[in-house]
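Chemist: Right, I'll just put the structure down here and ask away after.
The values are calculated or read from the model by the stated rules, or taken from the named source; none is laboratory data. None of the values given here were measured: they were computed from a predicted structure. For accessibility, only protein heavy atoms count, side chains too; no ligands or nucleic acids. Shrake-Rupley method; radii C 1.70, N 1.55, O 1.52, S 1.80 Å.
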Amino acid sequence: MEQNSRKTIPTGLCDMHPSSHGRLNQHRSHPAGPVTPRAGQLIVLIWWDGVEFHVSCRGEIDMATTDQLYSAVINGVTDSDTRCIRIDLADVTFLSAAGLRSLVRIQAAAQEHGKALQLLRVPPLARRLLDIAGLDRLCRSE
């Protein structure tokens, strides 16, 4: 079973290749080099590290990208070996109400499956929205 699997999943370029036990194959570079999100785009990088499922987001989490985020994260939530989902929001440039709803859905799914959810390196404006929504308890400073 792969323990440190990575895969970049930009909007419109979702070419996930499952390997054994639901893990994703080693990260393959985008042919054009590092992927930088365009306006309105979200890039999601996911990987497992033992029993932790890591998610790193870059770009905008809004109505157009929430399904993409949820689809990427639900893999870790439903994985029987995963104990904790850690979502790094440091490179999120915009978080809409729809994005906030997506994080609430992810938190509910994690709770339903008995997983811990942590939001890491949350930008100040996103942190304010999470505080208002009562999700600030999920935020960890790292």
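Chemist: For 53, 94, give me the order by solvent-accessible area with a 1.4 Å probe, most accessible first, ignoring ligands, DNA and RNA. Could you put the intermediate results ahead of the total?
Modeler: Details: 53 0, 94 100 Å².
Greatest to least solvent exposure: 94, 53.
Chemist: Which shape class, rounded, prolate or oblate, goes with the range 75-142 when its Cα gyration tensor gives a ≥ b ≥ c as root eigenvalues, a/c under 1.5 marks rounded, and past that a/b bigger than b/c marks prolate?
Modeler: prolate
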